[in-house]
Number of protein chains: 2
Amino acid sequence: MKPIKVGLLGIGTVGSGTFNVLKRNQQEIMRRAGRSIEITMIADLNTERARELAGDSCEVVNDGNLVVTHPDIDIVIELIGGYGIAKDLVLKAIANGKHVVTANKALLATHGNEIFKAAQEKGVMVAFEAAVAGGIPIIKALREGLTANRIEWIAGIINGTTNFILSEMRDKGLDFATVLKQAQALGYAEADPTFDIEGVDAAHKATIMASIAYGIPMQFDKAYVEGITKLEASDIRYAEELGYRIKLLGITKRTPDGIELRVHPTLIPEKRLIANVEGAMNAVLVQGDAVGATLYYGKGAGSEPTASAVIADLVDITRLATADPEHRVPHLAFQPDALSNLPILPMSEIVTSYYLRMHVEDRPGVLADVTRILADLTISIDAMLQKEPGDGETRTDIIILTHQTKEKNIVAAIEKIEQLQTVFGAVTKLRLEELS
Amino acid sequence: MKPIKVGLLGIGTVGSGTFNVLKRNQQEIMRRAGRSIEITMIADLNTERARELAGDSCEVVNDGNLVVTHPDIDIVIELIGGYGIAKDLVLKAIANGKHVVTANKALLATHGNEIFKAAQEKGVMVAFEAAVAGGIPIIKALREGLTANRIEWIAGIINGTTNFILSEMRDKGLDFATVLKQAQALGYAEADPTFDIEGVDAAHKATIMASIAYGIPMQFDKAYVEGITKLEASDIRYAEELGYRIKLLGITKRTPDGIELRVHPTLIPEKRLIANVEGAMNAVLVQGDAVGATLYYGKGAGSEPTASAVIADLVDITRLATADPEHRVPHLAFQPDALSNLPILPMSEIVTSYYLRMHVEDRPGVLADVTRILADLTISIDAMLQKEPGDGETRTDIIILTHQTKEKNIVAAIEKIEQLQTVFGAVTKLRLEELS
């Protein structure tokens, strides 16, 4: 059979990984796909470097437009990133009848609806396994492996940078700023780490997973996004004393009122397998009504792990391109005319458990005041930790774990607690998920 | 679109789960598959019970032949089990142009080559996600999610019964026979647990995984199979002292000389995520050259978890049936004309690390004799544990962990060690995998 010809937009870390793996495992991949898959054209601004990496085996250009309009190209891989030129080229590739593979979570989470609509109309595939959790085939699991299930919730460690930072903070008892600097020195965090540490990257990925889990349009603008920059070493320590680990989770849940979609540092019981995912690794826990909990673990970033997902998409497209479009696996797991308009809940309406830390005067009655406020709002207490004040100090920390309640109740309670004369400064609030 | 009509052979635990989940999640599944999937015919010897479970919605017969030859049936689900009538009916369904979904690992591991050949010739699909690790979509991950990779090895906890028994033995310090009885009382082990506890079930599953990981025919007859019946509580305890857990693993490895395919109790470092998979849960760890290690975890058995996999296959077939057969996902992940004849290595040629426990006279020189034997066979020692003899006893246990060596070397060493005057009884040998 004729080889499948692939055009690559951007030959950076993932692009060169894709090029190399495709070359190294050419025979293995052909044995699986039934035909050869070849990158025949590369667009990159740095054409010199691109030529160095690719050798003479393919054409190198500096303008992506030449790739997406080239009549010989069957599939376009978009690895440029961002929303600007990447979006233009993806839409142009689709308009030209090319199938598209992309690792661009930011693009899909924010402009996915437009892109998938265009692909649907044109009858081409847009595949994006690499956009969530790198090499872990989580998109395939959600879209195909768990089709029997009503997905109930997903909780994922889907940003390696922040998981590395949190693991180091716990291991070494260091604070966020110190570990961030180390992570940057080691290449685990970028020079501008904002998207990672503020939770934006994880929210892009959670948005995509919510869409294919429930059959809803991409709605990144409605996601709640809280990063790890304000997390203190003491919270990690107190959580540990109570039997919990703190992880930055991307969470999406189906409730009778709508969909929860949120990213924030989360206490999870240390006995859960996912609590023991350390360093830059990723893991996604999925709860389905028939299968129960399944977990998917692996490298969420890096050149070859991400390339593994990109190439899996190439093989999928190669295999499925001849199925009539109505029978292909739908882009968003559900048929385009069967998407649901379940609303994304505002954060005030989500239901979870909480960790509260407050700095208080160490004298009788303080705890009574705090617990009274919680009780008045029907928030019940699951566990408590009261530290002894240091030598010569009269103030101490109280940590309270609550049972499940609505976020707006806990916000109201914190407002009242902070007004107490015996409570100093702001109350620290973290969310807690049992994941069972 | 016309509904897909499904015939079900056997409505026991998994069959009734499949029937119920398909009914309960009908809308959700239709939104995904693009058309309705309906069980319209059920064959079971107990027609009365079948009618009770299925209600009036479908025809119940007592002869599977009526299902596999019925002109209205598109897909046949085989949940009879075993190699006899199940094989006949599967082959007959294929001959009649039906696609087949089966959870029958024993059938595929032993007669899969014949079945897939027939399916290939007839242009129908045979899907078997439910045959390995229940609801975990591990077949899909290997066959589609990791197509970019040269798979290097797989190690899986793929039998829930034995993992439950091992977890209980460790937790409670009980011996095998006691825990087996408890497991039987709780329904975690069958009345005749032979296939589970002797490792046969795990070997069936490992055989299937090896086939789709490397593109080789099913070769169950060449698998090495060792169960957990001879495992002693003391070995679990000693392993723990050394930082290891003992799990029954199905292992398959690609080596320059051929494929290792083996099931046996295995020491693994307690820090590995898979070492912490407890109770009846399953987990499969896959090492690919591009993606690195990925892990898949979930329920490996049970009515609805297994039904989840069966129905995922139904949806897959519904989606892909219109792709021309050459472009469908190949049954065994590799194109049928691209299977390789890599040999399965005899056990004497496999390479791994070992745990040796011996009962010895507690006096100087004994250890020197043992280590001399190991050194002569170029087996190097990684760790050692020598227990103090009990009060008034003159004999004690020595435990040795070796570095990697060939199985035949360790067998030769043990033969010599057992001949020492100061060593009493047989040397216990367990294999150890670092899984890194």
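Each value in this text was obtained by applying a stated rule to the coordinates, not by laboratory testing. Worth saying up front: this structure is predicted, and the values here are computed from it rather than measured. All Cβ positions, glycine included, derive from the backbone under ideal geometry; neighbour counts span all protein chains shown.
Here segment A:138-299 yields Rg over Rh of 0.97, to two decimals, using C-alpha coordinates and the Kirkwood radius. Distances between copies at residue B:240, taken between label points 7 Å from Cα along the C-beta direction, are 2.3 nm in increasing order. Chain B residue nearest by beta-carbon to the axis mapping B to A, with distance in Å: B:323, 2. For segment A:1-77, the residue among A:77, A:27, A:47 whose Cα projects farthest onto the positive side of the dipole built from Cβ charges is A:27.
Excluding same-chain neighbours fewer than eight residues apart, the lysines reachable from residue B:117 by a Cα-Cα span under 21 Å are B:87, B:92, B:98, B:105, B:140, B:205, B:222. On a per residue basis, the convex hull of the C-alpha atoms belonging to the protein assembly as shown measures out at 191 Å³. Taken over the Cα atoms of segment B:54-176, the convex hull encloses 181 Å³ per residue. From least to most packed, judged by other beta carbons within 10 angstrom and beginning with the fewest, A:308, A:340 follow the order A:340, A:308. For the charge dipole of chain B, defined by +1 on Lys and Arg C-beta atoms and -1 on Asp and Glu C-beta atoms about the Cα centroid, which residue among B:378, B:182, B:15 has the Cα displaced farthest towards the positive pole? Going by the charge dipole, the pick is B:15. Placing a label point 7 Å from the Cα of residue A:362 along the Cα-to-Cβ direction, the distances to the matching points in the other copies come to 4.9 nm, shortest first.
Each residue of segment A:431-436 was assigned a 3J(HN,Hα) from its phi angle through the Karplus curve 6.51 cos²θ - 1.76 cosθ + 1.60 (θ = phi - 60°); the sequence is 8, 10, 10, 6, 6, 10 Hz, with glycine and proline shown as x. Summing charges over all other residues whose Cβ lies under 10 Å from the Cβ of residue A:87, with Lys and Arg as +1 and Asp and Glu as -1, gives -2. Annotation for segment A:1-65: GluC sites (Glu not before Pro) lying in DSSP loop with at most 10 further Cβ atoms inside 10 Å of their Cβ do not exist. Considering only B:384, B:169, B:218, give the residue with the highest GNM mean-square fluctuation for chain B, with springs between Cα atoms whenever their separation is below 10 Å. Largest GNM mean-square fluctuation: B:384.
Calculated FRET efficiency, residue A:424 to residue B:172, Cβ-Cβ distance, R0 = 56 Å: about 0.70 to the nearest 0.05. Let's see if you can work this out: charge +1 on each Lys and Arg Cβ, -1 on each Asp and Glu Cβ, no other charges. What is the dipole magnitude of segment B:4-127 about its Cα centre, in debye to the nearest 20? Dipole magnitude for segment B:4-127 comes out near 420 debye.
Distances between copies of residue A:325, taken at a point 7 Å out from Cα along the Cα→Cβ vector and listed shortest first: 2.8 nm. Note on residue A:387: lysines with a C-alpha under 20 Å away, same-chain residues under 8 apart excluded, are A:429. When the P(r) of segment A:347-432 is calculated, the portion above 21 Å amounts to 23% of the C-alpha pairs. Between A:366, A:60, A:14, the Gaussian network model of chain A with springs among Cα atoms under 10 angstrom shows the greatest mean-square fluctuation at A:366.
For chain A, compute Rh as the Kirkwood radius over C-alpha pairs and then the Stokes-Einstein diffusion coefficient at 20 °C and 1.002 mPa s; write the answer in µm²/s, rounded to an integer. My calculation gives 92 µm²/s for D. Once backbone amide H atoms are built at 1.01 Å from N, residue A:150 has A:289, A:290 as its partners under 5 Å, excluding neighbours fewer than 5 places away on the same chain. Here the 3J(HN,Hα) profile of segment A:52-64, calculated from phi with Karplus coefficients 6.51, -1.76 and 1.60 at θ = phi - 60°, is 4, 6, 9, x, 8, 6, 8, 6, 10, 10, 9, 10, x Hz, Gly and Pro shown as x. Quick note on segment A:92-131: its Rg to Rh ratio, both from C-alpha atoms and Rh being the Kirkwood radius, is 0.93. Springs between Cα atoms under 10 Å define the GNM used for chain B, and in it the highest mean-square fluctuation of B:211, B:167, B:380 occurs at B:380.
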